[in-house]
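Notes follow once the structure below has been shown.
The values are calculated or read from the model by the stated rules, or taken from the named source; none is laboratory data. These numbers come from a predicted model, not from an experiment. When we count neighbours, we look across all protein chains shown, and the Cβ atoms used for this are built from the backbone with ideal geometry, even at glycine.
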Amino acid sequence: MAIVSSAAAGSRATPRATIVQLRAPALTTAELEKEARALIASASVPVLVSSRCDVAMACDAAGVNLPESDVPVAAARMLLGARLIGRSVHSIGSAQAAESEGADYVIFGPVWGSATHPGTTPAGLAALAKVARSLSIPVLAIGGVSVERIAEVLASGAAGYAAIRLFE
């Protein structure tokens, strides 16, 4: 499960989730739907489902986050209407494409090395800043985000961050 959060620039406060993304690729569709319904019922923030427009619609989730290699944002928009649609991206070109297709936000990274994605080359803060400057939609950093790095993420121009281990 990935949790998306944002904080005031320079804040050292405990990170808090503003959106929860349910990412459970090993679950069957029925298991994912059950998990999503339970999470939506108990969450105090909007819940997104990773990669599954059908489950998001069935559970009345707030929206979806689509991996870069998933269905086009425009196709998801036709299904989901005004629900939130995000796209996880790894390059400025993919970020710009997601925005032009109608994504509400992008998650860019990995910014730093991450235990959840070993072997992936980190993009770095300069790349994050370049993506954030090039888009008019929110850009969230992912990959190796820690409490100590939140200020750097926000100083780069990102609207916030997405993390898994930060919230475990």
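Quick check on my filter: what residues within region 135-149 are of a type outside the set (D, E, K, R) and over 15 Å from Ile107 (Cβ atoms)?
Answer for region 135-149, where residues must be of a type outside the set (D, E, K, R) and over 15 Å from Ile107 (Cβ atoms): Ser136, Ser146, Val147.
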Open item on the list: Residue under question is Val111, and the condition is that it be modelled with pLDDT under 95 and either under 18 Å from Ile92 (Cβ atoms) or of a type in the set (A, V, I, L, M) (or both); does it hold?
Closed with: no
Open item on the list: Taking the conditions exactly as written (crowded, with 21+ Cβ neighbours inside 10 Å and modelled with pLDDT under 95), does Gly119 satisfy them or not?
Closed with: no
- [ ] Using the structure shown, decide if Ser91 is modelled with pLDDT of 95 or more, farther than 30 Å from Arg37 by Cα and within 16 Å of the chain's Cα centre (by Cα).
- [x] yes
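From the list Leu135, Leu154, which one is of a type in the set (A, V, I, L, M, F, W, C), buried (at least 18 other Cβ atoms within 10 Å of the Cβ), over 18 Å from Gln21 (Cα atoms) and out of contact with any helix residue (DSSP H, G or I) (no Cβ under 7 Å at 6 or more places or on another chain)?
Leu154
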Task: Unmet requirement for Gly10, which otherwise passes all of (1) on the phi > 0 side of the Ramachandran plot; (2) at pLDDT 95 or above; (3) more than 18 Å from the chain's Cα centre (by Cα) - done: (2)
Open item on the list: Take the residues in region 14-73 that are small (Gly, Ala, Ser) and closer than 16 Å to Ile107 by Cα; name whichever of them is modelled with the lowest pLDDT.
Closed with: Ala17
- [ ] Report yes if some residue within region 108-122 is over 20 Å from Arg23 (Cβ atoms) and assigned to a helix (DSSP H, G or I); otherwise report no.
- [x] no
